[in-house]
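The values are calculated or read from the model by the stated rules, or taken from the named source; none is laboratory data. Source: prediction; values computed, not measured. So basically every Cβ, Gly included, is an ideal-geometry build from the backbone, and we count neighbours across all protein chains shown.
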């Protein structure tokens, strides 16, 4: 498998994922709705040891997740592109925004989560598992 690469719109931040993804999901939580400006958040789950920022330094906005853990949303301070989520210690992956990948066309979601927060106009994928909050580990 070749590396998956991505970055921001202006090119100030670049990253790579040097390993297989743990999955692709669609998060409908309110925090993701704020981060995207309305729609759910499509993310590739990159295992932490395989994720590397190769250029630049993302800015991170930190807030409390529903779990009570601190969560950071990494973005480009120059152009504002959302990049990935800095998850709590013990979480084995970073949710990387599909829109930040150089070629997101080959990645389809495996599940929908936080459906309790989904807006009635959010579209879902027929036949995919849906969870009211986080799926069980």
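Going through region 1-21 one residue at a time, which ones are buried (at least 16 other Cβ atoms within 10 Å of the Cβ) and over 20 Å from residue 57 (Cβ atoms)?
4, 21
Taking the options 101, 123, name whichever one is out of contact with any strand residue (DSSP E or B) (no Cβ under 9 Å at 6 or more places or on another chain) and either within 26 Å of residue 5 (Cβ to Cβ) or surrounded by fewer than 16 Cβ atoms within 10 Å (Cβ to Cβ) (or both).
Checking each option against the conditions leaves just 123.
Suppose the filter is farther than 14 Å from residue 27 by Cα, touching a strand residue (DSSP E or B) at 6+ places or on another chain (Cβ under 7 Å) and either surrounded by 14 or more Cβ atoms within 10 Å (Cβ to Cβ) or at pLDDT 95 or above (or both); does residue 84 pass it?
In short, no.
Could you tell me how many of the residues in region 95-125 are without any contact (Cβ under 8 Å) to a residue 40 or more places away in the chain, closer than 25 Å to residue 20 by Cα and outside any helix (DSSP H, G or I)?
Total satisfying the criteria: 1.
If you go through region 31-47, how many residues are surrounded by 14 or more Cβ atoms within 10 Å (Cβ to Cβ) and not in a strand (DSSP E or B)?
7
So for region 17-40 (the condition being out of contact with any helix residue (DSSP H, G or I) (no Cβ under 6 Å at 6 or more places or on another chain), farther than 25 Å from residue 108 by Cβ and in contact (Cβ under 8 Å) with a residue 60 or more places away in the chain), does at least one residue qualify?
No, because not a single residue in region 17-40 is out of contact with any helix residue (DSSP H, G or I) (no Cβ under 6 Å at 6 or more places or on another chain), farther than 25 Å from residue 108 by Cβ and in contact (Cβ under 8 Å) with a residue 60 or more places away in the chain.
Checking the conditions here, which among 57, 89 is more than 20 Å from residue 132 (Cα to Cα), modelled with pLDDT of 95 or more, over 14 Å from the mean Cα position of the chain (by Cα) and not in a helix (DSSP H, G or I)?
None of the others qualify; the one that does is 57.
Checking the structure you have, find out if any residue of region 60-71 is crowded, with 18+ Cβ neighbours inside 10 Å and either in contact (Cβ under 8 Å) with a residue 40 or more places away in the chain or touching a helix residue (DSSP H, G or I) at 6+ places or on another chain (Cβ under 7 Å) (or both). Outline the logic, then answer.
Of region 60-71, the ones crowded, with 18+ Cβ neighbours inside 10 Å are 71.
Right, trim to either in contact (Cβ under 8 Å) with a residue 40 or more places away in the chain or touching a helix residue (DSSP H, G or I) at 6+ places or on another chain (Cβ under 7 Å) (or both) and you get 71.
Yes, region 60-71 has at least one match.
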